[in-house]
1. List, in order, the whole-Hz ³J(HN,Hα) value for each residue of the range 239-249 obtained from phi through the Karplus relation with A = 6.51, B = -1.76, C = 1.60 and θ = phi - 60°; use x for Gly and Pro.
2. Which label belongs to the value computed from this structure, given these candidates for mean projected area of the Cα convex hull in nm²: (i) 21.3; (ii) 15.5; (iii) 44.0?
3. Long-range amide H contacts for D255: which residues qualify at under 5 Å (H placed 1.01 Å from N, peptide plane, sequence gap of 5 or more or a different chain)?
4. Which whole-Hz couplings ³J(HN,Hα) result when phi for each residue of the range 89-101 is put into the Karplus expression 6.51 cos²θ - 1.76 cosθ + 1.60, θ = phi - 60°, listed in order with x for Gly and Pro?
5. Assuming R0 = 45 Å, can you tell me the calculated FRET efficiency for the pair N131 and Q317, based on Cβ-Cβ distance, to the nearest 0.05?
6. Amide H neighbours of V48 under 5 Å, at least 5 residues apart or on other chains, H built in the peptide plane: list them.
7. What residues of the range 47-66 lie in the reach of a label at K12, counting those whose backbone N is under 19 Å from a point 7 Å from the Cα along Cα→Cβ?
8. Lys and Arg at +1, Asp and Glu at -1: add these up for the other residues within a Cβ distance under 9 Å of N216 and post the number.
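Where a number appears in this text, it was derived from the coordinates with a stated rule and is not lab data. None of these values were measured; they are calculated from a predicted model. All Cβ positions, even for glycine, are placed from backbone atoms using ideal geometry, and neighbour counts span all protein chains on display.
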Amino acid sequence: MNRMVRIVYSEKHKLHADPRGYHPENPERLERAFKALMDAPFNKYLKVVNPPSPKEDLLFLVHNEYYVNYILEESRKGFHYIDFDTYVTEYTYELAASFFTASFESAAEALNTKEFIVVMPRPGGHHAGVNGVAFGAPTLGFCVFNYAAAAAKSLLLKGYKTLIIDFDAHHGNGTQEIFWNEGRVVHIDIHEEGIYPGSGDVRDLGGVNAEGTKINIPVVRGAGDETYLWTLANVIDKVVEVFQPNALVVSAGFDAHSGDPLTGLNVSDETYRAFGAYFNKLAYSDVKAVISVVEGGYGKGLISGLVNYVEALLSGQFIKPEITGKPLIREGALRDLKTLLSRYWGIELQV
């Protein structure tokens, strides 16, 4: 371990809360995860920094003016729900804008410091699109501003080909919409099929000048480590070999963990160790910056999954198991994925 992990965190996140305590996206989930990191045996390699004051002009690099002003005005009204499952408080706009600024600036700083960046924001981010709701989703899905998109935009402006990997159990519809027509961004998204937000079909490939750069991998309910490790070895690693990204942004959601109350997947800590170790390997190759943004996770998996992910991100250590079976991906989706990888990437998927 010879690199540091910069943890971007602020106690102010507690100001974004449903006072009735009903909501699964609550302050306690992040507090417990942060404490677990601080208590971990590798904590001497962690450097905690507060997010900076918001630089509101940066928001317009990702979101449109109408949406930014909408969140500002809604926050001024105090606590209330702006859709069925997304709430704001009087502090939400400033808090989310601050973490957005941190994500944008940390990406640039990582190029110089070579630190791994882990942003721990609230509220969430990856469901927020250019104008809020993305790809016909029913709600904003607990999210306000898109931090992963902020980091990727920062890297693009510096001329870096950027890979976004989203392993949250829910499709990162906002991020994918934002970069739909951007061929310099490859977005690989592993998510549970058939749950919120309802997007992320394998055949959604990207738009003008970007077709084939959006790679969706919907897995079926019950999918676990073997499916995720198969995806890492057979899709992600092979796309990386062809694309050769200069920078990596990770939407690191931990709600695919077994027992998460909002999903039906069966991932263990070993999957998160594998991803962390793989990203460590990339950081010591041609990838100049690795920025992770914590997304979902509403049970014990956020705590143990995040700790294992960060530990492996630092050490690169992971015991690779033998993958013996087929991934739990619907047959039609697997066939479409095979076609996509062959047509756009020259990768012949062996299943």
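1. For the range 239-249, the Karplus curve yields 5, 4, 4, 7, 6, 6, x, 8, 8, 10, 10 Hz.
2. (ii)
3. Residues meeting the amide H criterion: A169, G296, G297.
4. 10, 5, 9, 4, 4, 5, 5, 5, 5, 5, 5, 4, 4
5. Working from the Cβ atoms, E equals 0.60.
6. Under 5 Å from the amide H of V48 lie the amide H atoms of I7, each far enough along the sequence or on another chain.
7. Label zone hits: 48-60.
8. Computed value for this residue: -1.
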